[in-house]
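Worksheet for the structure shown next.
Since every read-out is calculated from the coordinates, none of them should be taken as a lab result. Note that the coordinates shown come from a computational prediction; the quantities given were computed from them, not determined experimentally.
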Ligand SMILES: Nc1ncnc2c1ncn2[C@@H]1O[C@H](COP(=O)(O)OP(=O)(O)OP(=O)(O)O)[C@@H](O)[C@H]1O
Ligand SMILES: [Mg+2]
């Protein structure tokens, strides 16, 4: 209080305080950068964790134009039954990583395995048969088809599965059953996401890759999508979810990765990432939103 002048209580800083503040700033600048708990130091943790994982992306490079890699040695694994999140800035390569795992972007080097089977650069339709479902970030329903027809498309490779899987999906998403005759193009954004996830579940996948299922949705619908994702995971499906709603994503996942410039920068449990000061500062705080 003794440093403050009447009428300007917040502005005035005594010379001594100012000097101390400058010292502190300088000391902070000089402080060597320390690694945070979740910062990736080497690949050993990945190699160890991936040992008994269901799906693994190992040291992937991939891109769209020859010679220009978007993924620069990306690692990821998910154990059976895990819910794993990927967050990171726009353009970091999150969608590219999912697409590379799903055979939609050519992997240049590295390996993707499913239950120890090499599936690198296997075609997407074959991966569906091997038990991987994928919901892309956009254009993920057929708008001119009805909900039921969209779900039929989900198991066009195994039409005999339809009845049983339709019952499973409409049990999970009752609204899809009730409104089965409605065209997907007439649905709200949130309802479309349910159709897209339902379609991907029609082949009874062991792994579901979800690319930003909450994109463009209101906070309430976003919350509903996250609840649904957890429900899908609770049925035993291993889920890998890319999300722009980073904090909410970290709240629901078992483990997460922060992808930056095509490489995993941080990893840990959802909670450890959400409370890691560097992750908060760089990817979850005001800087991240700027
Ligand atoms: N079809 C494409 N052809 C060429 N470059 C592409 C293509 N798709 C993506 N890219 C480029 O690859 C980089 C990574 O894109 P990607 O879509 O994987 O990022 P992202 O992390 O999913 O971003 P967002 O949060 O915006 O969805 C970007 O620089 C993007 O411009
Ligand atoms: Mg994306």
Using the alpha-carbon atoms, what tilt in degrees (0 to 90, nearest 10) does helix 162-172 show relative to the longest principal axis of the chain? 30 degrees
What do you get for the angle between helix 219-234 and the principal long axis of the chain? Use alpha-carbon atoms, 0 to 90 degrees, nearest ten. 60 degrees
If one takes the longest principal axis of the Cα atoms in the chain, at what angle in degrees, from 0 to 90 and to the nearest 10, does the Cα axis of helix 189-201 lie? 60 degrees
DSSP beta bridge pairing in the range 199-290, given as percent antiparallel to the nearest 5: 55 percent
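Can you tell me, using C-alpha contacts under 8 Å and at least 6 residues apart, the relative contact order of the chain as a whole percent? All intermediate terms of the calculation are to be shown ahead of the outcome.
Numbers: 518 pairs, mean separation 67.0, N = 290.
23 percent.
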Shape call for the range 28-116, from the Cα gyration tensor axes a ≥ b ≥ c (a/c under 1.5 means rounded, otherwise prolate when a/b beats b/c, else oblate), comes out oblate
Compute the Cα gyration tensor for the range 168-290, then decide on rounded, prolate or oblate, letting a ≥ b ≥ c be the square roots of its eigenvalues: rounded whenever a/c is under 1.5, prolate when a/b is larger than b/c in the other cases, and oblate in all that remain. prolate
Hey, what D do you get for the chain in µm²/s if you plug the Kirkwood alpha-carbon radius into Stokes-Einstein at 25 °C and 0.890 mPa s? 118 µm²/s
